[in-house]
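Data first, discussion second: the structure below is written as structure tokens.
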Amino acid sequence: MVFTEEYFQGEERDGFYVKPLMKRVWAAQLEILKVIEEICKKYQIKYFAYSGTLLGAVRHQGYIPWDDDMDIGMLRGDYDRFCQYARSELPEGWFLLETQPTMIRVMNSDTIRVDQEFLDQFYGCPYMMGVDIFCWDSVPQDRKTEQIVVNLFWGIAYLAVYWDEYKESEKCAWEEAREAGVKNIENMTGYHFDWNQPMKEQLAYLADRVMAMYWDEQCEEVSRTFILHERPDFRIPKSCLDKIIEVPFENTTIPIPEGYDLLLRLDYGDDYMTPMKDDFHSYPFFKNQVDALRERYKKRGEILPKCFAWEEM
């Protein structure tokens, strides 16, 4: 992948100033996507731009100016196969981060790196970067079955996500509640947890397997289960994802579903082509990494180089 030096200059897009460092972050993420694409082509795995990345591809032919991450989606069969092959196919030092059930992140490092080899590969970006992959699961055709499965998934996933999230003053109460929750799950599913192994990972695995149960069924709709629990309408015909097309994205192309319109209306409403700044998460997401690298330089009696800084740019 080739970027000109002009690409890394700051510029205003849709009234929003994109800093030079953000351009390098975008380029680093596109480099990660290139590796994902190589694995997908090798094993005939289908993926597509999703969420803000899909909206950016359609509306901006690249990143949404105020976006700082990259999201792609896969149907369950492709998602499971990618997880299987990626663990051995990813470059040395890369890894899969399982952030929550039915979602993984392909990471290019587990630490901030300022060695020249890393900086050359990732266009001068020293920070840990990743691409999020969201799994789209089949929705059971029987609505009663769907409600049971989704509620079971959410109960397990909630424990997995929040297993270690508690205030110190509430620690005892939460430990009792989560132990009771695990026992209830065992009673409902017949699944046996090993308390000598990390419970968070076991819960995440079980939640993921619950939603995989209906993949081989003749289901007509697919959804993201985390959203379906709160939005029963969050579903699209599986046929919307049948055909994938390539569209321009920054200085390359990215695959999107031919039925992208329905998917974007589901996520952003009918007026999705009208740019509106969204503060969904803290911008930039890597701000804590900038602070950590600044502290590292400070301990050596040095100042963080401007090319790695955020506020100064």
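When I133, I104, I72, I64 are checked against the criterion of being assigned to a loop (DSSP other than H, G, I, E, B) and of a type in the set (V, I, T), a single residue qualifies: I64. In the set (1) modelled with pLDDT under 95; (2) closer than 21 Å to M273 by Cβ, G56 fails one condition alone, (1). With respect to being within 20 Å of the chain's Cα centre (by Cα) and touching a residue at least 24 places away in the same chain (Cβ under 8 Å), M188 falls outside the description.
When only residues in region 75-101 that are touching a residue at least 12 places away in the same chain (Cβ under 8 Å) and part of a loop (DSSP other than H, G, I, E, B) count, which is surrounded by the most Cβ atoms within 10 Å (Cβ to Cβ)? Give the derivation first.
The first filter runs over region 75-101 and keeps only residues touching a residue at least 12 places away in the same chain (Cβ under 8 Å), leaving 75-83, 85-86, 89-91, 93-101.
The next check asks that each one be part of a loop (DSSP other than H, G, I, E, B); those that pass are 90-91, 93-94, 101.
On the way: L90: 18, P91: 10, G93: 12, W94: 17, P101: 25.
So the residue we want is P101.
Of the listed requirements (1) over 30 Å from K238 (Cβ atoms); (2) assigned to a helix (DSSP H, G or I), E165 misses just one: (2).
Close contacts from region 136-153, counting a first residue that is within 12 Å of Y214 (Cβ to Cβ) and in contact (Cβ under 8 Å) with a residue 12 or more places away in the chain and a second that is of a type in the set (D, E) and assigned to a helix (DSSP H, G or I), with Cβ to Cβ under 8 Å and a gap of 6+ residues or different chains, come to V139/E146; P140/E146.
Take the conditions (1) surrounded by fewer than 17 Cβ atoms within 10 Å (Cβ to Cβ); (2) touching a strand residue (DSSP E or B) at 6+ places or on another chain (Cβ under 7 Å); (3) modelled with pLDDT of 95 or more; E217 misses just one of them, which is (3). Only one of the numbered conditions (1) more than 20 Å from L203 (Cα to Cα); (2) modelled with pLDDT of 95 or more is not met by Y79, and that is (1).
Does R209 fit the bill of being basic (K, R), out of contact with any strand residue (DSSP E or B) (no Cβ under 7 Å at 6 or more places or on another chain) and buried (at least 16 other Cβ atoms within 10 Å of the Cβ)? No, not satisfied. Summed over region 248-307, the residues that are surrounded by 15 or more Cβ atoms within 10 Å (Cβ to Cβ), in a helix (DSSP H, G or I) and assigned by TED's automatic domain parsing to the domain that holds G52 give a count of 6.
The values are calculated or read from the model by the stated rules, or taken from the named source; none is laboratory data. This structure is a prediction, so every number in the text was calculated from the model and none was measured. Cβ: placed from backbone, ideal geometry, glycine included. Neighbour counts: every protein chain shown.
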